[in-house]
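Notes follow once the structure below has been shown.
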Amino acid sequence: MWIVAKLNNNFKIFTKNFLNKNNDVKFYNPLIIIKKKKFNKIVDYESQLLNKYIFCYHQKFADKEYISKFKFIPGLDFFLPGYEIAQDEINNFIDNCKKSENEKGYLKNSFLRNYDFRKGKFLNGPFANMFFEIIEKQKNKIKIKVSNKVAFVEDSKEYFYQPIW
């Protein structure tokens, strides 16, 4: 069974401490590569799609008492409630992520375009770190509202944005 953990610290600290208590746990943390300009060069940065959230799998996670043994692991903020009834959605999301990974295991930019959301944040490009609202999706571009201004942005492979649910 999958559970979702919210981390308050480094991913590596959490996974190391979790594996010390149970080395059979599997983790899934979808990653993307963001291209940013730094000192007139384009540099690739690895970024976690879900920020401080990670998926953890073990057969025994169906037992809440078993999970309670892990709630004080360094790096863990808490486990999200409701995971028992959301297993289908979690599995579908993870399957969709894995289908959208490139040969190096990073999500392709097209992954987010398959999800219907209205608000987001640009991760790179001319609007980097700016929040936006989607007004309209067209074939090869999106019409957005940024800082009370309307703009058209090419829906290209170069620009990454993150949905805000």
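The values are calculated or read from the model by the stated rules, or taken from the named source; none is laboratory data. None of the values given here were measured: they were computed from a predicted structure. Don't worry about glycine lacking a Cβ; one is built from the backbone with ideal geometry, like all the others, and counts go over all protein chains shown. We work out accessible area using only protein heavy atoms, side chains counted, and drop any ligands, DNA or RNA first. Shrake-Rupley method; radii C 1.70, N 1.55, O 1.52, S 1.80 Å.
Contact map, the stretch 43-57: residues that are under 13 Å from LEU123 (Cβ atoms) and charged (D, E, K, R) paired with residues that are modelled with pLDDT under 85 and open to solvent by 30 Å² or more (accessible area, probe 1.4 Å), Cβ distance under 9 Å, separation 6+ or inter-chain. Pairs shown: ASP44/ILE33; ASP44/LYS35; ASP44/LYS36; GLU46/ILE33. For GLN59, the conditions (1) closer than 25 Å to PHE11 by Cα; (2) of a type outside the set (A, V, I, L, M); (3) within 15 Å of the chain's Cα centre (by Cα) all hold with the exception of (3). Taking TYR45, is it open to solvent by 70 Å² or more (accessible area, probe 1.4 Å) and aromatic (Phe, Trp, Tyr)? Taking the combined requirement at face value, the residue satisfies it. Of the strands (runs of 3 or more DSSP E) lying entirely inside the stretch 73-165, the ones with 3 or more residues being in contact with an Asp or Glu (Cβ under 8 Å, 6 or more places away or on another chain) and modelled with pLDDT of 80 or more are found at 141-146. Answer with yes or no whether ASN9 is part of a loop (DSSP other than H, G, I, E, B) and surrounded by fewer than 10 Cβ atoms within 10 Å (Cβ to Cβ). It is false that ASN9 is part of a loop (DSSP other than H, G, I, E, B) and surrounded by fewer than 10 Cβ atoms within 10 Å (Cβ to Cβ).
For the stretch 150-165, the criterion of being under 23 Å from TRP2 (Cβ atoms), out of contact with any Lys or Arg (no Cβ under 6 Å at 6 or more places or on another chain) and open to solvent by 80 Å² or more (accessible area, probe 1.4 Å) is met by at least one residue. Just so you know, in the stretch 17-39 the residues that are out of contact with any Gly (no Cβ under 9 Å at 6 or more places or on another chain) and assigned to a helix (DSSP H, G or I) include one that is least open to solvent (accessible area, probe 1.4 Å), and it is LEU19.
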